[in-house]
Amino acid sequence: MQLSWIYGAAEPPLVSHDGVMMHPAAAKAFAAMQHQAAKAGIKLAVTSGYRSFERQLAIWNAKATGKRPLLDAKGQPLDGSSLDADKLIDTILLWSALPGCSRHHWGTDLDVFDAARIEKDALKLEAWEYAKDGPCHALANWLIESGEAFGFFLPYQAGKSGVSPEPWHISFAPAAQFAINQFDTNLLRSVIAASDMALKDTVLLRLDTLVERYVRHFAAPSFTFDELDLRHE
């Protein structure tokens with residue numbers, strides 16, 4: 001399938017940076033950003049980079065079957081046992097991407113934290129950690145002020161994205177934009193149909209709407225950039 005890496009069904013070219021797999025151009029820009037952040041007393045680190053379809057599928061299925069916690073829109077635990085298929089899908093999508101729709105499939109997007117103020121094993125990726133008095137609050141502010149200088153932006157922001165706000169999730173715009181421009185819902189449909197995804201039948205019925213809301217609706221970068229050529233298979 002051409003460009004199947006966009007849906008996580010194949011692995012794009014990646015490099016390892018600090019033990020995390022990411023797009024080569026994103027890795028170079030991120031290294032420069034780490035150096036600059038260190039001058040501000042921030043130890044910029046990554047807790048999640050590239051993620052395959054199978055990895056995202058494992059997260060999805062665990063949440064759909066109650067093996068992994070569900071959170072409501074406020075980040076509070078929620079019992080999903082009484083939810084119908086549509087409501088369960090909507091609840092999972094508040095905080096986890098549909099397999100095939102994760103920006104992490106592209107190697108361009110990273111979940112980051114301040115390793116000088118919190119250990120990776122203690123990190124929960126919850127909003128309070130990046131809010132006032134949280135260990136990653138200084139980092140969150142620094143990313144807003146300085147991230148764009150290195151080509152990174154925050155795609156998930158309140159009122160600007162289908163996904164709930166994620167102040168820890170940054171995206172390398174010059175590479176990510178290619179994937180967005182080439183994203184084909186029909187190809188995604190084929191990938192999902194061939195998988196063992198929980199709630200698959202309901203997801204496929206709603207797929208066009210889900211893609212519009214959770215893939216195409218995001219807080220676009222406010223800066224201009226040259227799109228990288230990522231037309232690998």
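Within region 130-143, is there a residue that is among the charged types (D, E, K, R), under 18 Å from the mean Cα position of the chain (by Cα) and at pLDDT 95 or above? No; the residues of region 130-143 include none that is among the charged types (D, E, K, R), under 18 Å from the mean Cα position of the chain (by Cα) and at pLDDT 95 or above. Please tell me if LYS74 is open to solvent by 70 Å² or more (accessible area, probe 1.4 Å), out of contact with any strand residue (DSSP E or B) (no Cβ under 9 Å at 6 or more places or on another chain) and at pLDDT 95 or above. In short, no.
Taken over region 87-117, the criterion of being surrounded by 19 or more Cβ atoms within 10 Å (Cβ to Cβ) and more than 10 Å from the chain's Cα centre (by Cα) is satisfied by LEU88, ILE89, THR91, ILE92, LEU93, LEU98, PRO99, GLY100, VAL112, PHE113, ASP114, ALA115.
Within region 77-115, the residues that satisfy the criterion of being touching a strand residue (DSSP E or B) at 6+ places or on another chain (Cβ under 9 Å) and farther than 30 Å from PHE178 by Cα are PRO77, LEU78, ASP79, GLY80, LEU83, LEU88, ALA115. Each residue in region 27-57 was checked for being open to solvent by 20 Å² or more (accessible area, probe 1.4 Å) and either out of contact with any strand residue (DSSP E or B) (no Cβ under 7 Å at 6 or more places or on another chain) or of a type outside the set (A, V, I, L, M, F, W, C) (or both), and 17 pass.
For region 136-218, list the helices (runs of 4 or more DSSP H) that sit wholly inside it and hold at least 1 residues that are surrounded by fewer than 19 Cβ atoms within 10 Å (Cβ to Cβ) and of a type in the set (Asp, Glu); which are they?
Ranges flagged: 137-146, 200-205, 207-214.
Of all residue pairs spaced 6 or more apart or on separate chains, those with beta-carbon atoms under 7 Å, a first member in region 10-28 that is within 26 Å of LEU187 (Cα to Cα) and touching a residue at least 12 places away in the same chain (Cβ under 8 Å) and a second member that is among the small types (Gly, Ala, Ser) and open to solvent by 20 Å² or more (accessible area, probe 1.4 Å) are GLU11/SER52. Under the condition of being assigned to a helix (DSSP H, G or I) and among the acidic types (Asp, Glu), the residues counted in region 47-99 number 3.
The values are calculated or read from the model by the stated rules, or taken from the named source; none is laboratory data. These numbers were taken from a predicted model, which means no experiment stands behind them. Because the Cβ atoms are built from the backbone with ideal geometry, glycine has one as well, and the counts that use them run over all protein chains shown. Note: areas computed on protein heavy atoms with side chains; ligands, DNA, RNA excluded. Shrake-Rupley method; radii C 1.70, N 1.55, O 1.52, S 1.80 Å.
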